[in-house]
Every structure is written in structure tokens, then in C-alpha cells.
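K.L.:
Got a structure for you, written out below as C-alpha cells; questions coming shortly.
The values are calculated or read from the model by the stated rules, or taken from the named source; none is laboratory data. Values in this document were obtained by computation on a predicted structure and should not be read as measured data. For neighbour counting, all protein chains shown are included, and Cβ atoms are generated from backbone atoms with ideal geometry for every residue, glycine included. Protein only, heavy atoms only, side chains kept; ligands, DNA and RNA dropped before computing areas. Shrake-Rupley method; radii C 1.70, N 1.55, O 1.52, S 1.80 Å.
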Amino acid sequence: MKFRIELLLLLSPKIKKIAILIICVFVSVLETVAQGLQVKGIVRDTTGFPLPGALVNLQSEGQKMATAVDVSGSFYFTGVQDSFINITVKSMGFDSLSRSYKIDQSKTLNDLGVISLKETLNLLNEVVVVAINPVVLKEDTVEYDARAYPVREGDAVEEIVKKLPGVDVDKDGNITANGEPITSIRLDGKDYFGDDVAAAIQNLPADIVKNLQVIDDYGEQANLTGLKSGTPEKVLNINLQPDKKKGFFAKTSAGFGTQDRYSGRIRSNYLNGDQQISFDGNMNNTRSRSAGITDRKSLKLNYRDNWSDKLISYGNYRFYNNDNNTRETINSQNFFPDYTRLEDQNNNNQSRSNQHRFSWNFEFRPDSNNYFKIEPDLSFVNNSGLNSGFTNTQLLGASSLRENNQSSSGASSKLGLEAFYNHRFKKPKRNLSFELEINSSSGNGNRDVQNDYTNTDSLGNISTEQQYQTALNDNSNLNFEAKGSYLEPLSEHSFLELAYQWNRSSDASVKETRDIDPIDQSETLNSNLS
């Protein structure tokens with residue numbers, strides 16, 4: 001790899017660009033060829049019952065893959081490339097089975113049918129078993145052993161998550177577990193990149209992961225007291241291997257193409273026991289769901305450390321910048337029984353937005369009976385835009401030309417603070433807790449619009465009209481909520497809860513539109529739009 005990079009550096013800029021482009025195309029072709037086919041099957045015992053958790057290995061001349069049987073007894077492999085494969089199925093208490101299959105390359109999906117395992121009848125006096133249990137079901141947690149879902153060297157955790165039964169990852173990195181969205185990622189039980197799920201699973205290397213847990217999280221009080229109420233959120237917790245919690249990991253990528261397209265990304269992690277620092281920097285103009293070309297830049301930083309035996313601090317900072325430039329030309333004809341309507345449009349739109357967000361957590365345990373948690377959350381967004389263009393409409397010998405220019409700007413900010421306290425009494429399961437939540441937000445926006453009309457009737461008479469306006473929007477919101485709860489255990493399986501909740505919220509919104517005289521620039525309040 002070093003030789004290839006050094007060779008490219010010696011080439012002229014023009015030849016270097018062509019060489020890298022050829023390499024990118026070659027790699028793309030290889031990836032397309034390597035996608036392969038799908039193989040599925042069902043594992044059951046001799047009585048017809050499924051065997052969830054059974055380990056299935058696929059081996060061919062050029063591939064080795066492994067997966068686990070889901071609760072219905074089914075297993076799936078994707079990306080199978082060879083025509084002849086060997087399937088080995090293992091499950092504790094049953095005889096292992098190995099079979100060879102021929103893959104029909106003309107079919108996208110090859111169904112291997114039912115594979116039946118016989119129960120083991122002869123047991124040794126002493127047996128040493130080394131096996132992987134891919135899925136462990138607990139009360140509110142589904143735990144996946146990372147060893148059961150092998151990936152390529154250098155892959156991120158995202159590639160493991162894509163293979164987990166019941167878990168789906170879309171092209172933007174959003175995760176759903178059994179149809180419910182994963183709202184946040186945790187690393188060894190602590191928040192990792194906040195609610196930015198994609199950044200979390202794309203930043204961490206897969207080969208340092210011990211297991212992954214999909215957790216139904218009922219909140220801080222439930223985690224401390226064991227009393228669960230309300231609707232839980234789905235959380236993905238990633239636990240690291242104990243011997244991999246120290247070191248530095250980094251990965252970079254870059255590319256460019258025609259029409260000044262480019263992309264670049266740097267991801268790194270520093271681990272030193274309880275201390276963890278992660279960085280994710282990204283810039284590109286290649287991915288866009290909107291019209292035109294969008295330059296995207298982002299910077300994400302995650303931090304965690306034990307400041308003392310009693311105080312833990314962790315949180316993240318995120319910055320996003322989006323610049324969009326769209327040029328649009330539309331020519332349309334609408335045919336009616338007696339006439340035809342022609343319209344030509346030309347628009348040039350530019351927009352920019354910047355977003356900063358700072359989220360943090362402080363956990364303080366002065367002793368085993370008291371617990372404090374404080375979570376500040378700050379964010380700020382500003383945006384601006386320019387729009388210009390014209391629309392020419394022709395109908396029944398008449399025409400109307402509208403030239404428009406519009407500018408806008410705005411800013412918004414949010415401040416949030418959550419505080420939680422819990423006290424455990426000497427009597428087991430007796431708890432007292434308090435919660436406080438404050439959220440404040442404000443925003444403002446300005447818009448200037450200028451429309452110049454030139455109208456020509458069917459006789460050739462020309463008239464002009466000008467419409468200038470300014471618009472101002474201001475809004476603010478304040479919400480305050482306080483809760484108190486006392487739990488008294490009545491028996492091993494019953495509680496008495498005394499709870500109090502108080503909240504207050506206020507909202508204010510102002511919209512003001514003014515018409516501007518294009519001659520003397522005097523302003524008049526437009527009461528219909530204010």
C-alpha cells in the first residue's frame with residue numbers, strides 16, 4: 001500500500017488524478033462483483049422443532065462465514081460467491097452435521113431447505129466444550145456475542161450490527177431493532193456520541209468489541225430502583241474486550257471525481273482504561289438527497305473519563321456545516337381545448353447552515369446510598385439563503401414576466417438541563433428520588449422579498465408592478481418540570497409509590513410583515529400577514 005501511494009505522489013497532477021479515478025472505478029467493479037448471492041435454510045430437530053441459537057458455518061474455496069439460527073429456526077447468508085459450499089451446523093446436545101451444496105448462480109436466493117439434527121445419545125464422562133453462544137436473552141436485554149458475527153479486518157462496528165438477527169441498519173446509519181428505532185448508543189454503559197447513532201457505530205473498530213446489547217431502557221430511576229413504568233427506549237450498548245481498552249485506533253479515507261466532487265473522512269479513538277476520546281471529521285459533496293450540490297462538513301468529538309472514584313464525566317460536541325447551491329431551469333407547456341399555456345422558469349438558490357451542539361453528563365456518587373446526575377445540553381443554529389430568478393408565462397397572446405430576488409437569515413438556540421437525585425435507605429428497595437428538567441429555546445428569522453412584474457396584454461400594452469416586503473419572526477419557549485417519588489416495598493414483588501409532578505410552560509411568537517414602497521422605501525404594516 002505504501003508503494004502505491006508513493007508512486008502516485010511522483011506522478012504529475014493530471015496523470016495522478018486519472019490514475020486514482022481508474023483505481024476507484026476498479027474497486028467499485030470489484031465490490032459489485034463481490035456482492036454475491038443469498039443462501040437460507042432452516043435448522044430443526046428430528047421432531048420438527050426449531051433450534052434457535054444453533055451455530056451455522058459456511059465454507060467454500062474462497063469464503064468463510066458464520067451466523068446463528070433465529071427464533072424461528074431460520075438462518076441467512078449474504079454475499080455467497082462460490083458455486084460449491086459446505087454447511088456445518090452445531091448445537092449443544094445434538095450431533096453436528098456437515099453437508100455440501102451446489103449453488104445455482106442464476107438464482108439470487110438459494111434455499112437449502114430443512115436441516116435436521118439428531119439428539120446426542122452417547123455422552124462422555126468428561127467433556128470440555130468450547131463454543132460460542134451467539135444470542136443470550138435476558139429480562140430487558142438481548143445480548144449478541146461479537147465472535148459469532150465475523151467481519152473483515154478494519155471494519156467498523158456498523159458491519160457487525162448489520163448482521164445481528166432482528167436488527168436493521170439503513171444507508172444513513174439509523175438502526176431499528178424489531179421495528180423500533182435505536183435512540184442512542186452506549187460504550188461500556190455510558191453515552192457515546194449522544195443521539196448520533198450513525199457516528200457511534202461507524203467510528204468504533206469492530207475487532208475490539210466483546211458483545212453488543214439491545215436494551216429496553218426505562219430511565220435513570222428504573223435503573224437504580226428496578227421499578228419500571230412507561231414506555232422504554234431502545235438503546236444499543238457496546239461492551240469492549242477487557243484487553244482492548246488501551247490503545248489508539250485511526251482510519252482515514254479520501255477520494256475525488258469528476259465535476260469537482262470530493263470526499264474525505266478521519267476517524268480515531270484513544271482508549272486508556274476508563275478514559276476514552278473519539279474523533280470523527282467528515283467533508284464531502286457527493287451525498288445529497290436535495291437538489292443541486294451540497295457541501296457537507298462535520299466534526300464530532302466524544303469524551304469520557306473518571307475524574308475521581310466518585311465523579312464520572314462524559315459527553316460530546318458536534319458541529320455541522322451545509323452549503324447548497326441549486327440552479328434550476330423549467331420549461332413547461334399545458335394544453336387545453338382552446339388554448340396553450342407556456343411557462344419558462346429559471347431559479348438560482350443558495351443556502352448555508354451551521355449547527356453547534358454540546359451535550360454532557362456528570363455522575364456523582366458520594367457513597368453507596370446517594371447518586372446525582374446532571375445533564376446540560378446546548379445547541380445553536382444559524383442559517384442564511386439567497387434566491388433569484390424569473391418566471392415568464394404566456395397565455396392567449398398575453399404574457400407576464402416576474403423577476404424575483406429574496407434573501408433570508410435566521411438563528412435559533414436551545415438550552416436544556418436535567419438533574420436527577422436518588423437516595424437508597426437502609427431498608428432494601430426503599431428509595432427517594434427527585435428529577436428536575438428545564439428547557440428553553442428561542443429563534444428569529446428575517447426575510448426580504450422583491451418581485452418585479454412586467455405584464456403585456458394581447459394588444460401589446462405593457463404595464464409594470466412592484467411588490468417589496470420584509471418579514472420578521474420571533475419565538476421563544478420555556479418549560480420547567482419537577483418530579484418527586486418515594487418507593488416503599490410492601491413485599492418481594494410489590495411496591496407503594498408516592499409521586500408528585502409539577503410543570504409550567506410558556507410560549508411567545510411574533511410575526512410581522514411590512515410592505516415597502518419601491519419609490520421612497522417607506523414601510524407599512526401588513527396586518528393580514530402579521
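K.L.:
Working carefully through the options GLU512, GLU492, GLU497, find the one that is of a type in the set (Asp, Glu), without any contact (Cβ under 8 Å) to a residue 24 or more places away in the chain and open to solvent by 60 Å² or more (accessible area, probe 1.4 Å).
P.N.:
Details: GLU512 fails: without any contact (Cβ under 8 Å) to a residue 24 or more places away in the chain; GLU497 fails: without any contact (Cβ under 8 Å) to a residue 24 or more places away in the chain.
The conditions single out GLU492.
K.L.:
Could you list all residues from region 340-354 that are open to solvent by less than 70 Å² (accessible area, probe 1.4 Å) and under 23 Å from LYS414 (Cβ atoms)?
P.N.:
Selection gives SER351, SER353, ASN354.
K.L.:
Tell me, which strands (runs of 3 or more DSSP E) lie completely within region 158-272 with 3 or more residues that are touching a residue at least 12 places away in the same chain (Cβ under 8 Å) and out of contact with any helix residue (DSSP H, G or I) (no Cβ under 7 Å at 6 or more places or on another chain)?
P.N.:
On the way: elements: 167-169, 175-177, 180-187, 209-217, 233-240, 246-256, 262-272.
Filter on region 158-272 gives 180-187, 209-217, 233-240, 246-256, 262-272.
K.L.:
Could I ask something else about it? If you check PHE372, PHE358, PHE364, PHE336, which single one turns out to be of a type in the set (Phe, Trp, Tyr) and without any contact (Cβ under 8 Å) to a residue 12 or more places away in the chain? Break it down stepwise before answering.
P.N.:
On the way: PHE372 fails: without any contact (Cβ under 8 Å) to a residue 12 or more places away in the chain; PHE358 fails: without any contact (Cβ under 8 Å) to a residue 12 or more places away in the chain; PHE364 fails: without any contact (Cβ under 8 Å) to a residue 12 or more places away in the chain.
Result of the check over PHE372, PHE358, PHE364, PHE336: PHE336.
K.L.:
So, in region 416-434, of the ones that are among the aromatic types (Phe, Trp, Tyr) and part of a strand (DSSP E or B), which residue ends up surrounded by the most Cβ atoms within 10 Å (Cβ to Cβ)? Working first, answer last.
P.N.:
Going through region 416-434, the residues among the aromatic types (Phe, Trp, Tyr) turn out to be 420-421, 425, 434.
If we keep only those that are part of a strand (DSSP E or B) as well, we get 420-421, 434.
Details: PHE420: 20, TYR421: 17, PHE434: 15.
Applying the filter and picking the extreme gives PHE420.
K.L.:
If I ask for residues that are farther than 30 Å from SER388 by Cβ, among the polar types (S, T, N, Q) and open to solvent by less than 80 Å² (accessible area, probe 1.4 Å), which ones from region 355-376 would you list?
P.N.:
Passing the criteria: SER359, ASN361, ASN369, ASN370.
K.L.:
Condition first: more than 30 Å from GLY410 (Cβ to Cβ) and exposed (fewer than 15 other Cβ atoms within 10 Å of the Cβ). Now tell me which residues in region 445-476 satisfy that.
P.N.:
If we filter region 445-476 for residues that are more than 30 Å from GLY410 (Cβ to Cβ), which is where we start, we get 454-464.
Matches in region 445-476: ASP457, SER458, LEU459, GLY460, ASN461, ILE462, SER463, THR464.
K.L.:
Among the residues in region 191-211, are any over 17 Å from the mean Cα position of the chain (by Cα) and under 24 Å from GLU375 (Cβ atoms)?
P.N.:
Among the residues of region 191-211, not one is over 17 Å from the mean Cα position of the chain (by Cα) and under 24 Å from GLU375 (Cβ atoms), which makes the answer no.
K.L.:
Okay, moving on. Within region 284-339, take every residue that is β-branched (Val, Ile, Thr) and assigned to a strand (DSSP E or B) and give me the one that is most open to solvent (accessible area, probe 1.4 Å). Steps first, please.
P.N.:
Let us first name the residues in region 284-339 that are β-branched (Val, Ile, Thr), namely 286, 293-294, 312, 326, 329-330.
From the residues that got through so far, the ones that are assigned to a strand (DSSP E or B) too are 293-294, 312, 326, 329-330.
Values: ILE293: 66, THR294: 6, ILE312: 37, THR326: 17, THR329: 95, ILE330: 63 Å².
That would be THR329.
K.L.:
What do you reckon, is ASN316 of a type outside the set (Val, Ile, Thr) and in contact with an Asp or Glu (Cβ under 8 Å, 6 or more places away or on another chain)? Don't jump to the end; show me each part of the working.
P.N.:
Values: of a type outside the set (Val, Ile, Thr): yes; in contact with an Asp or Glu (Cβ under 8 Å, 6 or more places away or on another chain): yes.
Here the answer is yes, as ASN316 does meet what is asked.
Conditions tested, residue by residue: (1) open to solvent by 60 Å² or more (accessible area, probe 1.4 Å); (2) among the hydroxyl-bearing types (Ser, Thr, Tyr); (3) touching a strand residue (DSSP E or B) at 6+ places or on another chain (Cβ under 9 Å).
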| site | (1), (2), (3) |
| --- | --- |
| SER229 | yes, yes, yes |
| LEU240 | no, no, yes |
| LYS251 | yes, no, yes |
| GLY264 | no, no, yes |
| GLY273 | no, no, yes |
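K.L.:
If you don't mind, another one. For the condition under 18 Å from VAL142 (Cα atoms), open to solvent by less than 50 Å² (accessible area, probe 1.4 Å) and acidic (Asp, Glu), what is the one hit in ASP216, ASP196?
P.N.:
Working: ASP196 fails: under 18 Å from VAL142 (Cα atoms).
One residue alone meets the criteria, ASP216.
K.L.:
Would you be able to say whether some residue in region 149-156 is more than 14 Å from the chain's Cα centre (by Cα), part of a strand (DSSP E or B), modelled with pLDDT of 85 or more and closer than 22 Å to GLY53 by Cβ? Don't jump to the end; show me each part of the working.
P.N.:
Initial filter on region 149-156 (more than 14 Å from the chain's Cα centre (by Cα)): 149-156.
Adding the requirement that they be part of a strand (DSSP E or B) leaves 156.
Pick out the ones that are also modelled with pLDDT of 85 or more and you get 156.
Then keep just the ones that are closer than 22 Å to GLY53 by Cβ; that gives none.
Scanning region 149-156 turns up no residue that is more than 14 Å from the chain's Cα centre (by Cα), part of a strand (DSSP E or B), modelled with pLDDT of 85 or more and closer than 22 Å to GLY53 by Cβ.
K.L.:
Considering ASN382, ASN392, which residue is out of contact with any Phe, Trp or Tyr (no Cβ under 9 Å at 6 or more places or on another chain) and more than 29 Å from TYR192 (Cα to Cα)? Even if it seems obvious, please write down each step before you answer.
P.N.:
Values: ASN382 fails: more than 29 Å from TYR192 (Cα to Cα).
Result of the check over ASN382, ASN392: ASN392.
K.L.:
What about SER413, is it farther than 18 Å from ASN503 by Cβ and part of a strand (DSSP E or B)?
P.N.:
Working: farther than 18 Å from ASN503 by Cβ: yes; part of a strand (DSSP E or B): yes.
Yes.
K.L.:
So which pairs qualify, if the first residue must be in region 519-530 and closer than 17 Å to GLU465 by Cβ and touching a residue at least 40 places away in the same chain (Cβ under 8 Å), the second must be open to solvent by less than 100 Å² (accessible area, probe 1.4 Å) and not in a helix (DSSP H, G or I), the Cβ gap must be under 6 Å, and the two must be at least 6 apart or on different chains?
P.N.:
Within 6 Å, the pairs are ASN526/THR513; ASN526/ASP515.
For every residue, the table says whether it meets (1) over 30 Å from SER313 (Cα atoms); (2) more than 34 Å from the chain's Cα centre (by Cα); (3) among the hydrophobic types (A, V, I, L, M, F, W, C); (4) open to solvent by 40 Å² or more (accessible area, probe 1.4 Å).
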{"position": "LEU378", "(1), (2), (3), (4)": "no, no, yes, yes"}
{"position": "ASN382", "(1), (2), (3), (4)": "no, no, no, yes"}
{"position": "LEU386", "(1), (2), (3), (4)": "yes, no, yes, yes"}
{"position": "PHE390", "(1), (2), (3), (4)": "yes, yes, yes, yes"}
{"position": "THR393", "(1), (2), (3), (4)": "yes, yes, no, no"}
{"position": "GLY397", "(1), (2), (3), (4)": "yes, yes, no, yes"}
{"position": "GLU403", "(1), (2), (3), (4)": "yes, yes, no, yes"}
{"position": "GLN406", "(1), (2), (3), (4)": "yes, no, no, yes"}
{"position": "SER412", "(1), (2), (3), (4)": "no, no, no, yes"}
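K.L.:
Then there is this: Among the candidates ASN349, ASN354, single out the residue that is of a type outside the set (Phe, Trp, Tyr), assigned to a strand (DSSP E or B) and modelled with pLDDT of 95 or more.
P.N.:
Only one candidate passes the filter, namely ASN354.
K.L.:
A further question on this structure: Based on what the data block shows, is LEU137 at pLDDT below 90, open to solvent by 40 Å² or more (accessible area, probe 1.4 Å) and of a type outside the set (Phe, Trp, Tyr)? Please lay out each step first, then the result.
P.N.:
On the way: at pLDDT below 90: yes; open to solvent by 40 Å² or more (accessible area, probe 1.4 Å): yes; of a type outside the set (Phe, Trp, Tyr): yes.
In short, yes.
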